[in-house]
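Single-structure report; data block below.
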Amino acid sequence: MKYNCLNSISKLGLERLTPAYESVADLKDAEVVFVRSAKMDELEVGAGLLSVARAGAGVNNIPHADYAKKGIVVFNTPGANANAVKELVIAMLLLASRDLLGGAKWVRDNSADENIGKTAEKAKKAFAGTEICGKTLGVVGLGAIGRLVVNAALGLGMKVTGYDPYLGVGAALALDPRVKVVGDLADLYSDSDFVTLHLPALPSTKGMVDAKAIAQMKQGAVLVNCARDLIVNEADVLAALEAGKLRKYVTDFATPGVAAHPGCLVLPHLGASTEEAEDNCAVMAVDETRNFVENGNIVNSVNYPAVSLGVAKAPGRIAVCHTGDSAVSAAVLAALGGAVAASASGVRGEVGYTLADLSAPATAAQVEAVKAVAGVIRARAVK
Ligand code: MLT
(Lines give C-alpha, C1' and ligand atoms only; values in the text may rest on other atoms or scores of the structure.)
Protein backbone atom coordinates (compact mmCIF):
# COMPACT_ATOMS: atom_id res chain seq x y z
CA MET A 1 0.00 0.00 0.00
CA LYS A 2 1.58 3.28 -1.12
CA TYR A 3 1.30 6.21 1.27
CA ASN A 4 2.24 9.86 1.09
CA CYS A 5 2.63 12.28 4.01
CA LEU A 6 1.69 15.75 2.80
CA ASN A 7 2.88 17.19 6.12
CA SER A 8 5.21 15.73 8.66
CA ILE A 9 3.37 13.30 10.88
CA SER A 10 4.67 12.15 14.28
CA LYS A 11 7.03 9.18 14.18
CA LEU A 12 4.97 7.45 16.83
CA GLY A 13 2.14 7.16 14.30
CA LEU A 14 4.23 6.24 11.27
CA GLU A 15 5.97 3.49 13.26
CA ARG A 16 2.63 1.70 13.39
CA LEU A 17 2.70 1.15 9.64
CA THR A 18 3.86 -2.37 8.72
CA PRO A 19 6.35 -3.07 5.89
CA ALA A 20 3.29 -3.56 3.67
CA TYR A 21 3.10 0.25 3.58
CA GLU A 22 5.59 2.00 1.30
CA SER A 23 6.23 5.74 1.37
CA VAL A 24 5.95 7.45 -2.04
CA ALA A 25 7.19 10.95 -2.80
CA ASP A 26 4.59 11.79 -5.44
CA LEU A 27 1.05 12.42 -4.18
CA LYS A 28 -0.34 11.17 -7.49
CA ASP A 29 1.04 7.68 -6.75
CA ALA A 30 -0.44 7.49 -3.26
CA GLU A 31 -3.21 5.09 -2.27
CA VAL A 32 -3.48 6.54 1.22
CA VAL A 33 -2.52 10.03 2.36
CA PHE A 34 -1.74 11.56 5.74
CA VAL A 35 -2.17 15.32 6.03
CA ARG A 36 -2.17 18.06 8.61
CA SER A 37 -2.64 21.52 7.10
CA ALA A 38 -1.74 21.20 3.38
CA LYS A 39 -4.57 22.58 1.25
CA MET A 40 -5.60 19.54 -0.74
CA ASP A 41 -8.06 21.39 -2.97
CA GLU A 42 -5.02 22.89 -4.68
CA LEU A 43 -3.42 19.47 -5.28
CA GLU A 44 -3.95 16.78 -7.89
CA VAL A 45 -4.45 13.29 -6.53
CA GLY A 46 -4.18 9.99 -8.41
CA ALA A 47 -7.03 7.72 -9.48
CA GLY A 48 -5.79 5.09 -7.03
CA LEU A 49 -6.30 7.22 -3.92
CA LEU A 50 -8.46 5.33 -1.41
CA SER A 51 -8.29 7.45 1.72
CA VAL A 52 -7.03 10.64 3.33
CA ALA A 53 -6.49 10.87 7.07
CA ARG A 54 -6.21 14.28 8.66
CA ALA A 55 -4.14 14.39 11.83
CA GLY A 56 -6.48 16.89 13.46
CA ALA A 57 -10.16 17.68 13.80
CA GLY A 58 -10.85 20.34 11.14
CA VAL A 59 -11.11 19.21 7.52
CA ASN A 60 -11.61 22.51 5.73
CA ASN A 61 -8.29 21.96 3.89
CA ILE A 62 -9.67 18.81 2.22
CA PRO A 63 -12.34 18.80 -0.54
CA HIS A 64 -14.11 15.92 1.24
CA ALA A 65 -17.46 16.30 -0.53
CA ASP A 66 -15.80 15.97 -3.96
CA TYR A 67 -13.65 13.13 -2.69
CA ALA A 68 -16.76 11.27 -1.48
CA LYS A 69 -18.11 11.26 -5.03
CA LYS A 70 -14.81 9.72 -6.19
CA GLY A 71 -14.85 7.01 -3.52
CA ILE A 72 -12.05 8.60 -1.46
CA VAL A 73 -12.80 8.19 2.24
CA VAL A 74 -11.64 11.07 4.47
CA PHE A 75 -10.91 10.54 8.16
CA ASN A 76 -10.15 12.98 10.97
CA THR A 77 -9.00 12.41 14.54
CA PRO A 78 -11.70 13.86 16.79
CA GLY A 79 -10.59 14.43 20.36
CA ALA A 80 -6.96 13.45 19.77
CA ASN A 81 -5.69 17.00 20.22
CA ALA A 82 -8.54 18.26 22.41
CA ASN A 83 -6.47 18.59 25.57
CA ALA A 84 -3.81 20.66 23.79
CA VAL A 85 -6.42 23.05 22.44
CA LYS A 86 -8.14 23.26 25.83
CA GLU A 87 -4.86 24.25 27.49
CA LEU A 88 -4.29 26.95 24.87
CA VAL A 89 -7.78 28.33 25.41
CA ILE A 90 -7.12 28.64 29.15
CA ALA A 91 -3.79 30.36 28.39
CA MET A 92 -5.63 32.74 26.05
CA LEU A 93 -8.18 33.63 28.75
CA LEU A 94 -5.32 34.47 31.09
CA LEU A 95 -3.35 36.37 28.45
CA ALA A 96 -6.44 38.42 27.66
CA SER A 97 -6.95 39.24 31.34
CA ARG A 98 -3.44 40.14 32.44
CA ASP A 99 -0.73 41.78 30.35
CA LEU A 100 1.75 38.99 30.89
CA LEU A 101 3.29 39.39 27.45
CA GLY A 102 3.70 43.16 27.95
CA GLY A 103 5.25 42.57 31.38
CA ALA A 104 7.69 39.96 30.09
CA LYS A 105 8.67 42.29 27.25
CA TRP A 106 9.26 45.11 29.75
CA VAL A 107 11.67 42.90 31.72
CA ARG A 108 13.58 41.92 28.58
CA ASP A 109 13.73 45.55 27.38
CA ASN A 110 15.09 46.63 30.78
CA SER A 111 17.47 43.74 31.31
CA ALA A 112 20.52 46.06 31.36
CA ASP A 113 19.15 47.94 34.38
CA GLU A 114 21.19 46.93 37.43
CA ASN A 115 18.31 47.94 39.69
CA ILE A 116 15.71 46.10 37.65
CA GLY A 117 14.11 44.51 40.72
CA LYS A 118 13.38 47.93 42.20
CA THR A 119 12.40 49.53 38.90
CA ALA A 120 10.05 46.64 38.19
CA GLU A 121 8.08 47.32 41.34
CA LYS A 122 7.31 50.80 40.01
CA ALA A 123 6.69 49.67 36.43
CA LYS A 124 4.40 46.76 37.18
CA LYS A 125 1.20 48.75 37.58
CA ALA A 126 1.15 49.19 33.80
CA PHE A 127 0.66 45.44 33.43
CA ALA A 128 -1.97 44.78 36.11
CA GLY A 129 -5.10 42.92 35.07
CA THR A 130 -8.19 41.10 36.22
CA GLU A 131 -8.91 37.51 37.29
CA ILE A 132 -10.93 34.98 35.35
CA CYS A 133 -12.35 33.38 38.52
CA GLY A 134 -16.00 34.42 38.92
CA LYS A 135 -16.33 35.59 35.31
CA THR A 136 -18.63 33.87 32.82
CA LEU A 137 -17.26 31.92 29.89
CA GLY A 138 -19.57 31.22 26.96
CA VAL A 139 -18.55 28.01 25.17
CA VAL A 140 -19.98 27.79 21.66
CA GLY A 141 -19.81 24.11 20.66
CA LEU A 142 -19.73 21.35 23.26
CA GLY A 143 -17.82 18.67 21.34
CA ALA A 144 -14.58 17.03 22.46
CA ILE A 145 -12.72 20.34 22.89
CA GLY A 146 -15.63 22.43 24.17
CA ARG A 147 -16.41 19.93 26.93
CA LEU A 148 -12.79 19.93 28.16
CA VAL A 149 -12.79 23.74 28.13
CA VAL A 150 -16.00 23.75 30.17
CA ASN A 151 -14.49 21.52 32.87
CA ALA A 152 -11.21 23.41 33.04
CA ALA A 153 -13.01 26.76 33.30
CA LEU A 154 -15.27 25.46 36.08
CA GLY A 155 -12.16 24.19 37.85
CA LEU A 156 -10.72 27.70 37.73
CA GLY A 157 -13.84 29.12 39.34
CA MET A 158 -15.50 30.47 36.22
CA LYS A 159 -19.22 30.30 35.53
CA VAL A 160 -19.96 28.58 32.23
CA THR A 161 -22.76 28.98 29.69
CA GLY A 162 -22.76 26.47 26.83
CA TYR A 163 -24.48 26.22 23.47
CA ASP A 164 -24.54 23.33 21.03
CA PRO A 165 -27.52 22.62 18.76
CA TYR A 166 -26.13 19.12 18.04
CA LEU A 167 -25.59 18.07 21.65
CA GLY A 168 -26.75 14.45 22.04
CA VAL A 169 -28.70 13.34 25.09
CA GLY A 170 -25.73 11.31 26.42
CA ALA A 171 -23.31 14.23 26.05
CA ALA A 172 -25.81 16.62 27.64
CA LEU A 173 -26.25 14.29 30.63
CA ALA A 174 -22.46 13.94 30.97
CA LEU A 175 -22.01 17.72 31.23
CA ASP A 176 -21.23 19.18 34.63
CA PRO A 177 -24.59 20.29 36.10
CA ARG A 178 -23.10 23.69 36.85
CA VAL A 179 -23.06 24.50 33.11
CA LYS A 180 -25.98 26.63 32.01
CA VAL A 181 -26.91 25.15 28.62
CA VAL A 182 -28.87 27.58 26.44
CA GLY A 183 -30.81 26.92 23.27
CA ASP A 184 -30.30 30.40 21.87
CA LEU A 185 -26.85 31.81 21.15
CA ALA A 186 -28.08 35.29 22.01
CA ASP A 187 -28.46 34.13 25.62
CA LEU A 188 -24.88 32.86 25.69
CA TYR A 189 -23.56 36.10 24.19
CA SER A 190 -25.43 38.28 26.67
CA ASP A 191 -24.24 36.19 29.65
CA SER A 192 -20.55 35.99 28.85
CA ASP A 193 -17.46 37.99 29.76
CA PHE A 194 -15.48 35.66 27.47
CA VAL A 195 -16.82 33.82 24.42
CA THR A 196 -14.82 30.88 23.06
CA LEU A 197 -15.59 29.15 19.75
CA HIS A 198 -15.35 25.38 19.32
CA LEU A 199 -17.13 24.49 16.11
CA PRO A 200 -16.07 23.52 12.60
CA ALA A 201 -15.77 25.88 9.64
CA LEU A 202 -18.79 25.01 7.49
CA PRO A 203 -20.90 27.06 5.09
CA SER A 204 -23.42 27.33 7.97
CA THR A 205 -20.85 28.65 10.49
CA LYS A 206 -18.86 30.91 8.15
CA GLY A 207 -18.95 34.49 9.42
CA MET A 208 -21.46 33.63 12.16
CA VAL A 209 -19.73 35.90 14.68
CA ASP A 210 -20.71 39.09 12.90
CA ALA A 211 -21.87 42.58 13.92
CA LYS A 212 -25.30 41.23 14.91
CA ALA A 213 -23.78 38.55 17.16
CA ILE A 214 -21.29 40.96 18.68
CA ALA A 215 -24.07 43.46 19.41
CA GLN A 216 -25.61 40.79 21.66
CA MET A 217 -22.39 40.43 23.67
CA LYS A 218 -21.51 42.28 26.87
CA GLN A 219 -19.70 45.59 26.60
CA GLY A 220 -15.97 44.79 26.82
CA ALA A 221 -16.33 41.06 26.15
CA VAL A 222 -13.32 39.03 25.03
CA LEU A 223 -13.66 36.78 21.99
CA VAL A 224 -11.41 33.68 21.81
CA ASN A 225 -11.07 31.77 18.55
CA CYS A 226 -9.12 28.52 18.43
CA ALA A 227 -11.58 27.05 15.91
CA ARG A 228 -11.10 28.64 12.46
CA ASP A 229 -10.65 32.24 11.26
CA LEU A 230 -13.56 32.00 8.81
CA ILE A 231 -16.09 31.56 11.63
CA VAL A 232 -15.76 35.24 12.51
CA ASN A 233 -16.53 38.18 10.28
CA GLU A 234 -13.14 39.82 10.67
CA ALA A 235 -14.21 43.29 9.58
CA ASP A 236 -17.03 43.25 12.15
CA VAL A 237 -14.69 42.05 14.91
CA LEU A 238 -12.17 44.80 14.11
CA ALA A 239 -14.94 47.41 14.09
CA ALA A 240 -16.14 46.16 17.49
CA LEU A 241 -12.59 46.43 18.86
CA GLU A 242 -12.29 50.01 17.57
CA ALA A 243 -15.63 50.87 19.17
CA GLY A 244 -14.64 49.29 22.50
CA LYS A 245 -17.53 46.81 22.33
CA LEU A 246 -14.99 43.97 22.31
CA ARG A 247 -12.03 44.32 24.69
CA LYS A 248 -9.83 41.79 22.95
CA TYR A 249 -9.88 39.28 20.10
CA VAL A 250 -7.58 36.37 20.92
CA THR A 251 -7.11 34.05 18.00
CA ASP A 252 -4.94 31.16 16.86
CA PHE A 253 -5.24 32.26 13.22
CA ALA A 254 -2.99 34.95 11.81
CA THR A 255 -4.42 37.06 9.00
CA PRO A 256 -3.10 40.38 7.69
CA GLY A 257 -6.07 42.13 9.28
CA VAL A 258 -5.49 40.94 12.84
CA ALA A 259 -1.75 40.24 12.97
CA ALA A 260 -0.62 43.67 14.18
CA HIS A 261 -3.90 45.08 15.46
CA PRO A 262 -3.47 46.37 19.04
CA GLY A 263 -6.79 44.82 20.10
CA CYS A 264 -5.82 41.39 18.84
CA LEU A 265 -3.59 38.80 20.39
CA VAL A 266 -2.66 36.38 17.65
CA LEU A 267 -0.84 33.06 17.73
CA PRO A 268 0.39 31.07 14.71
CA HIS A 269 -2.07 28.13 14.89
CA LEU A 270 -0.45 26.54 17.95
CA GLY A 271 -3.61 24.88 19.33
CA ALA A 272 -2.60 21.32 18.48
CA SER A 273 1.15 21.91 18.46
CA THR A 274 2.18 19.85 21.45
CA GLU A 275 4.19 16.64 21.34
CA GLU A 276 1.32 14.80 22.98
CA ALA A 277 -1.35 16.03 20.56
CA GLU A 278 0.84 15.39 17.52
CA ASP A 279 1.51 11.84 18.72
CA ASN A 280 -2.15 11.19 19.52
CA CYS A 281 -3.36 12.52 16.16
CA ALA A 282 -0.75 10.57 14.17
CA VAL A 283 -1.50 7.33 16.02
CA MET A 284 -5.23 7.75 15.49
CA ALA A 285 -4.84 8.69 11.80
CA VAL A 286 -2.63 5.67 11.12
CA ASP A 287 -4.90 3.28 13.06
CA GLU A 288 -8.00 4.52 11.22
CA THR A 289 -6.20 4.15 7.88
CA ARG A 290 -4.97 0.64 8.65
CA ASN A 291 -8.42 -0.42 9.82
CA PHE A 292 -9.82 0.86 6.53
CA VAL A 293 -7.13 -0.65 4.29
CA GLU A 294 -6.82 -4.00 6.06
CA ASN A 295 -10.42 -4.55 7.21
CA GLY A 296 -12.41 -2.16 5.03
CA ASN A 297 -13.92 -0.63 8.20
CA ILE A 298 -14.80 3.06 8.28
CA VAL A 299 -14.51 4.73 11.69
CA ASN A 300 -14.31 8.52 12.15
CA SER A 301 -14.89 9.49 8.54
CA VAL A 302 -16.18 12.94 7.70
CA ASN A 303 -17.57 12.02 4.29
CA TYR A 304 -18.66 8.35 4.52
CA PRO A 305 -20.91 6.55 6.99
CA ALA A 306 -19.42 4.57 9.87
CA VAL A 307 -19.52 0.94 8.73
CA SER A 308 -17.61 -1.90 10.38
CA LEU A 309 -17.56 -5.68 10.35
CA GLY A 310 -14.67 -5.82 12.82
CA VAL A 311 -11.37 -7.52 12.06
CA ALA A 312 -11.56 -9.36 8.74
CA LYS A 313 -11.67 -13.00 9.85
CA ALA A 314 -13.82 -14.51 7.09
CA PRO A 315 -11.87 -15.87 4.09
CA GLY A 316 -12.92 -12.95 1.89
CA ARG A 317 -14.18 -9.38 2.21
CA ILE A 318 -15.27 -6.79 -0.36
CA ALA A 319 -15.61 -3.06 0.35
CA VAL A 320 -17.88 -0.94 -1.83
CA CYS A 321 -18.33 2.84 -2.05
CA HIS A 322 -21.60 3.71 -3.74
CA THR A 323 -24.26 6.36 -4.06
CA GLY A 324 -26.39 7.12 -1.02
CA ASP A 325 -29.17 4.68 -1.74
CA SER A 326 -29.77 1.51 0.27
CA ALA A 327 -31.14 -0.12 -2.90
CA VAL A 328 -27.59 0.03 -4.32
CA SER A 329 -26.32 -1.82 -1.27
CA ALA A 330 -28.99 -4.48 -1.77
CA ALA A 331 -28.02 -4.79 -5.46
CA VAL A 332 -24.33 -5.17 -4.50
CA LEU A 333 -25.17 -8.01 -2.11
CA ALA A 334 -27.40 -9.59 -4.77
CA ALA A 335 -24.51 -9.45 -7.25
CA LEU A 336 -22.40 -11.43 -4.77
CA GLY A 337 -25.23 -13.91 -4.27
CA GLY A 338 -24.70 -16.88 -1.98
CA ALA A 339 -21.03 -15.98 -1.36
CA VAL A 340 -22.02 -13.39 1.28
CA ALA A 341 -21.54 -14.63 4.85
CA ALA A 342 -22.19 -11.30 6.61
CA SER A 343 -22.67 -7.69 5.59
CA ALA A 344 -22.93 -4.17 6.94
CA SER A 345 -23.85 -0.96 5.18
CA GLY A 346 -24.68 2.67 5.75
CA VAL A 347 -25.68 5.82 3.93
CA ARG A 348 -24.47 9.36 4.55
CA GLY A 349 -25.99 12.06 2.39
CA GLU A 350 -25.19 11.35 -1.23
CA VAL A 351 -22.92 8.36 -0.60
CA GLY A 352 -23.11 4.93 0.96
CA TYR A 353 -20.77 2.10 1.87
CA THR A 354 -21.23 -1.65 1.97
CA LEU A 355 -18.97 -4.33 3.40
CA ALA A 356 -19.51 -7.99 2.62
CA ASP A 357 -17.74 -10.94 4.22
CA LEU A 358 -17.38 -13.84 1.82
CA SER A 359 -17.07 -17.55 2.38
CA ALA A 360 -13.99 -17.65 0.09
CA PRO A 361 -11.34 -15.06 -0.90
CA ALA A 362 -12.81 -12.34 -3.13
CA THR A 363 -12.20 -13.01 -6.81
CA ALA A 364 -11.55 -10.49 -9.57
CA ALA A 365 -14.81 -11.64 -11.20
CA GLN A 366 -16.77 -10.82 -8.02
CA VAL A 367 -15.19 -7.35 -7.84
CA GLU A 368 -16.07 -6.74 -11.50
CA ALA A 369 -19.64 -7.95 -10.92
CA VAL A 370 -19.99 -5.45 -8.06
CA LYS A 371 -18.46 -2.63 -10.14
CA ALA A 372 -21.11 -3.30 -12.80
CA VAL A 373 -23.93 -2.50 -10.35
CA ALA A 374 -25.48 0.90 -11.13
CA GLY A 375 -24.53 3.41 -8.42
CA VAL A 376 -21.24 1.74 -7.44
CA ILE A 377 -18.39 4.25 -7.25
CA ARG A 378 -15.58 1.90 -6.25
CA ALA A 379 -15.26 -1.75 -5.23
CA ARG A 380 -12.19 -3.23 -3.56
CA ALA A 381 -11.24 -6.74 -2.52
CA VAL A 382 -10.00 -6.32 1.06
CA LYS A 383 -9.00 -10.00 1.07
C1 MLT B 1 -7.35 20.76 14.19
O2 MLT B 1 -8.16 20.98 13.29
O3 MLT B 1 -7.53 19.85 15.01
C4 MLT B 1 -6.08 21.54 14.23
O5 MLT B 1 -6.14 22.56 13.31
C6 MLT B 1 -4.94 20.62 14.00
C7 MLT B 1 -3.62 21.26 13.62
O8 MLT B 1 -3.14 22.19 14.25
O9 MLT B 1 -3.01 20.79 12.66
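The values are calculated or read from the model by the stated rules, or taken from the named source; none is laboratory data. Just so it is clear, the model here is predicted, and its values are computed rather than measured. Please note: Cβ atoms are built from the backbone with ideal geometry, for glycine as well, and neighbour counts cover all protein chains shown. For accessibility, only protein heavy atoms count, side chains too; no ligands or nucleic acids. Shrake-Rupley method; radii C 1.70, N 1.55, O 1.52, S 1.80 Å.
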Query raised in the report: Which residue out of 280, 291 is within 16 Å of the ligand (Cβ to nearest atom), assigned to a helix (DSSP H, G or I) and open to solvent by 30 Å² or more (accessible area, probe 1.4 Å)?
Result: 280
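Let me confirm something: among 317, 290, which residue is outside the structural domain of residue 50 (by TED's automatic domain parsing), touching a residue at least 60 places away in the same chain (Cβ under 8 Å) and of a type outside the set (Val, Ile, Thr)?
Values: 290 fails: outside the structural domain of residue 50 (by TED's automatic domain parsing).
Among 317, 290, only 317 is outside the structural domain of residue 50 (by TED's automatic domain parsing), touching a residue at least 60 places away in the same chain (Cβ under 8 Å) and of a type outside the set (Val, Ile, Thr).
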**Report entry** Test: residue 190 is open to solvent by 40 Å² or more (accessible area, probe 1.4 Å) and under 18 Å from the mean Cα position of the chain (by Cα)
**Finding:** no
Requested in this report: Please find, within region 294-326, the residue that is nearest to residue 202 (Cα to Cα) out of those that are over 21 Å from the mean Cα position of the chain (by Cα) and open to solvent by 60 Å² or more (accessible area, probe 1.4 Å).
Outcome: 325
Query raised in the report: For the subset of region 216-250 comprising residues that are closer than 23 Å to residue 271 by Cα and charged (D, E, K, R), which member is most open to solvent (accessible area, probe 1.4 Å)?
Result: 247
Query raised in the report: touching a Gly at 6+ places or on another chain (Cβ under 9 Å), within 16 Å of the ligand (Cβ to nearest atom), open to solvent by less than 50 Å² (accessible area, probe 1.4 Å) and at pLDDT 95 or above: does that describe residue 286?
Result: yes
**Report entry** Filtered residues of region 305-346 (kept if in a strand (DSSP E or B), within 18 Å of residue 292 (Cα to Cα) and not basic (Lys, Arg))
**Finding:** 307, 316, 318, 319, 320, 321, 322, 342, 343, 344, 345, 346
Query raised in the report: Residues of region 71-87 being within 10 Å of the ligand (Cβ to nearest atom) and part of a helix (DSSP H, G or I), which ones?
Result: 82, 84, 85
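Residue-by-condition table, conditions (1) in contact with a helix residue (DSSP H, G or I) (Cβ under 7 Å, 6 or more places away or on another chain); (2) touching a residue at least 24 places away in the same chain (Cβ under 8 Å); (3) surrounded by 14 or more Cβ atoms within 10 Å (Cβ to Cβ); (4) assigned by TED's automatic domain parsing to the domain that holds residue 151:
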site: 30; (1), (2), (3), (4): no, yes, yes, no
site: 45; (1), (2), (3), (4): yes, yes, yes, no
site: 49; (1), (2), (3), (4): no, no, yes, no
site: 63; (1), (2), (3), (4): yes, no, yes, no
site: 102; (1), (2), (3), (4): yes, yes, no, yes
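Can residue 91 be described as within 16 Å of the ligand (Cβ to nearest atom) and part of a helix (DSSP H, G or I)?
Values: within 16 Å of the ligand (Cβ to nearest atom): yes; part of a helix (DSSP H, G or I): yes.
So residue 91 passes the test.
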